[in-house]
1. Taking each residue in B:11-20, count the Cβ atoms of any other chain within 10 Å of its Cβ, then average. What number comes out?
2. So what are the ³J(HN,Hα) numbers for the stretch A:181-191, from phi and the Karplus equation (6.51, -1.76, 1.60; θ = phi - 60°), rounded to whole Hz, Gly and Pro as x?
3. Summing Lys, Arg as +1 and Asp, Glu as -1, what charge do residues with Cβ under 11 Å from the Cβ of B:Val36 carry, B:Val36 excluded?
4. Give the long-range amide H neighbours of A:Val116: residues separated by 5 or more places, or on another chain, with amide H under 5 Å away, using H modelled in the peptide plane at 1.01 Å from N.
5. Using modelled amide H (1.01 Å from N, peptide plane; none on Pro or chain starts), what sits under 5 Å from the amide H of A:Arg2, excluding residues fewer than 5 places away?
6. Sort out for me the Cα centre separation of the stretch A:111-169 from the stretch B:29-81, rounded to whole Å.
7. Neighbouring Cβ atoms within 10 Å as the yardstick, rank A:Leu17, B:Leu25, A:Leu45 fewest first.
8. For each pair in B:Lys10/B:Lys40; A:Lys27/A:Lys119; B:Lys2/B:Lys72; B:Lys2/B:Lys40; B:Lys40/B:Lys72, compute the distance between the two Cα atoms and list the pairs where it is over 18 Å.
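Laboratory data are not the source of any read-out in this text; all were calculated from the coordinates shown. Not measured: the values here are computed from a predicted model. Quick reminder, even Gly has a Cβ in these numbers, built from the backbone with ideal geometry, and neighbours come from all protein chains shown.
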Amino acid sequence: MRAAVIVFPGSNCDRDLAVAIGQATGKSPAMVWHRETALPDGTDLIAIPGGFSYGDYLRSGAMAARSPIMQAVVQAAGKGVPVLGICNGFQVLTEAGLLPGALMRNAGLHFVCRPVGLKVENSQSIFTSAYRSGEDITIPVAHHDGNYQADAETLDRLEGEGRVAFRYTEEVNGSARSIAGLINDGGNVLGMMPHPSARSSLLMATQTADACSKACSKQSRSFPALRRRVRCLCKA
Amino acid sequence: MKARVFVTLKPGVLDPQGKAIHHALEGLGFGGVNDVRAGKLIELDLADGTSDDEIAEMCRKLLANTVIENFKIERQGAPAAADA
């Protein structure tokens, strides 16, 4: 597999995603800077990472969606190359017109950063076939603008065509019909707010997330231990 | 030549920021505020002769997300030239 991770100024999950893709495919992805106008030859997976591209100026993902590399991404997507957008990547995909709807400020206005429950709605897609339909999973989110909105007609169509990949099983951000992840009509583009790459190692998975939320919420004494653990992770 | 572009959320689109501003105004003791909607004002300094169509195209392609937002263009010193 020849994966490419698109990197914008302000992307901050690009390296996590590269590590996760490397683990999953056995090969490190190409890191492609936003000013490039072409993808590496033979790219067969495009991944758009989380972060705050262009500082979220104008609207989250708006500037990134108009950067030079995105023309190549839109073209490749049109030819059926799989495209995965996570968090800011999902925002970029909607702004680029590869997925319908828009991601607005969280209904509660808070930045939400915690593991959340999801239900796998569609296990037939190329991205979700390792899951069972209806399976409950937990993946961390970290976003301010994850409130998915589209008009009722679009939402009905997405649901009718089985294009909702994941739904939140708890209130997270006010998303219409609890949509957490969406697939395009060609079945080769997935956008999702939760970060699967943040579950790609046991250390980063629920233990750290739980420890993190405890440390943040109660400023508990576990914080120095957590810091040590994060330092170990960074060195690894 | 200058133009101002007003970008506003479409009616019916939930505006959490407007709601927060509304609550804050009430918290400050301002009564009688029925609703608040927040938007953006973008000022453009343009080459002379830039047409209304060109400005509208800028709005459609970048300045507004027409899935959720409307825009209004106002040339400086002139009434609204184009709406969408």
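1. Values: counts 0, 1, 4, 7, 2, 10, 3, 0, 2, 3.
Partner Cβ neighbours, averaged per residue: 3.
2. So the J values, rounded to whole Hz, are x, 9, 10, 7, 5, x, x, 10, 10, 10, x.
3. Values: positive: B:Lys19, B:Arg37; negative: B:Asp15, B:Glu26, B:Asp35.
Residues close to B:Val36 contribute a combined charge of -1.
4. Correct list: A:Ile139, A:Val141.
5. A:Asp44, A:Leu45
6. 33
7. Numbers: A:Leu17 29, B:Leu25 14, A:Leu45 20.
Going from least to most buried by this count: B:Leu25, A:Leu45, A:Leu17.
8. Values: B:Lys10/B:Lys40 13 Å; A:Lys27/A:Lys119 29 Å; B:Lys2/B:Lys72 14 Å; B:Lys2/B:Lys40 16 Å; B:Lys40/B:Lys72 11 Å.
Pairs exceeding 18 Å: A:Lys27/A:Lys119.
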